[in-house]
Amino acid sequence: MLIPNKERYFSGPDKYLIVLDRNCSKTDFLRAAQVANGNYASELVERIYDCLISHATDVLREHRGYYVIEYPDLEAFLYWKYNVDCEVAVDLVGSLKPTGFLGYGSVYSGGDGGIGQLIVSEPGLEVVNLILGNLREDIK
């Protein structure tokens, strides 16, 4: 699930949170997108992957590695470090699987403004969430 900041749940209008059942490779992402390798669609999906996953901060790793003493629970960490709304933080943490990935980033962090605009557009977000849903199905 990709949560863009349209609702102003957290800091910055270009920020997002991404929740996955596990870390995924670019190959996993391409397979979930159901695109053939080596064409324009695969290049576009690779750029989306780079923007959303490669450039995202691994929030769980960051929390466990640096902030667990200061913020014993993940909800408090999300609230204080990333300005995530309390209810959203509780919902996110409740939906995380033990093998899950929680990423935080900016849709412009990879320097690809066109992809950032695509991702936060209504049709783009729908497609990205469809791909992420397919990733969940691959796990089952």
So in the range 65-82, with the set limited to residues that are more than 18 Å from the chain's Cα centre (by Cα) and part of a helix (DSSP H, G or I), which one is surrounded by the fewest Cβ atoms within 10 Å (Cβ to Cβ)? 65
Scan of the range 22-32 for residues that are within 18 Å of residue 127 (Cα to Cα) and either in contact (Cβ under 8 Å) with a residue 12 or more places away in the chain or within 11 Å of the chain's Cα centre (by Cα) (or both), ordered by number: 24, 26, 28, 29, 30, 31, 32
Considering only residues that are at pLDDT 80 or above and acidic (Asp, Glu), look in the range 72-130 and name the one that is farthest from residue 19 (Cα to Cα). 73
For the range 74-118, the count of residues that are more than 16 Å from residue 58 (Cβ to Cβ) and small (Gly, Ala, Ser) equals 8
Total residues in the range 96-105, condition surrounded by 16 or more Cβ atoms within 10 Å (Cβ to Cβ) and in a loop (DSSP other than H, G, I, E, B): 1
Report whether or not residue 60 is among the aliphatic types (A, V, I, L, M), farther than 16 Å from residue 131 by Cα and either modelled with pLDDT of 85 or more or in contact with a Cys (Cβ under 8 Å, 6 or more places away or on another chain) (or both). yes
Complete set of residues in the range 19-45 that are crowded, with 18+ Cβ neighbours inside 10 Å and out of contact with any strand residue (DSSP E or B) (no Cβ under 7 Å at 6 or more places or on another chain): 21, 24, 28, 29, 30, 32, 33, 35, 45
Whether any residue in the range 83-95 is of a type outside the set (S, T, N, Q), outside any loop (DSSP other than H, G, I, E, B), touching a strand residue (DSSP E or B) at 6+ places or on another chain (Cβ under 7 Å) and surrounded by fewer than 18 Cβ atoms within 10 Å (Cβ to Cβ) is what I want to check. no
Residue in the range 27-47 that is basic (Lys, Arg), at pLDDT below 85 and closer than 22 Å to residue 135 by Cβ present: no
So residue 108 fits all but one of (1) in contact (Cβ under 8 Å) with a residue 60 or more places away in the chain; (2) over 20 Å from residue 14 (Cα atoms); (3) assigned to a loop (DSSP other than H, G, I, E, B); what number is the exception? (2)
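The values are calculated or read from the model by the stated rules, or taken from the named source; none is laboratory data. Quick caveat, the model's predicted, so the values are computed rather than measured. Using ideal geometry, Cβ is built from the backbone for each residue, glycine included, and neighbour counts are taken over all protein chains shown.
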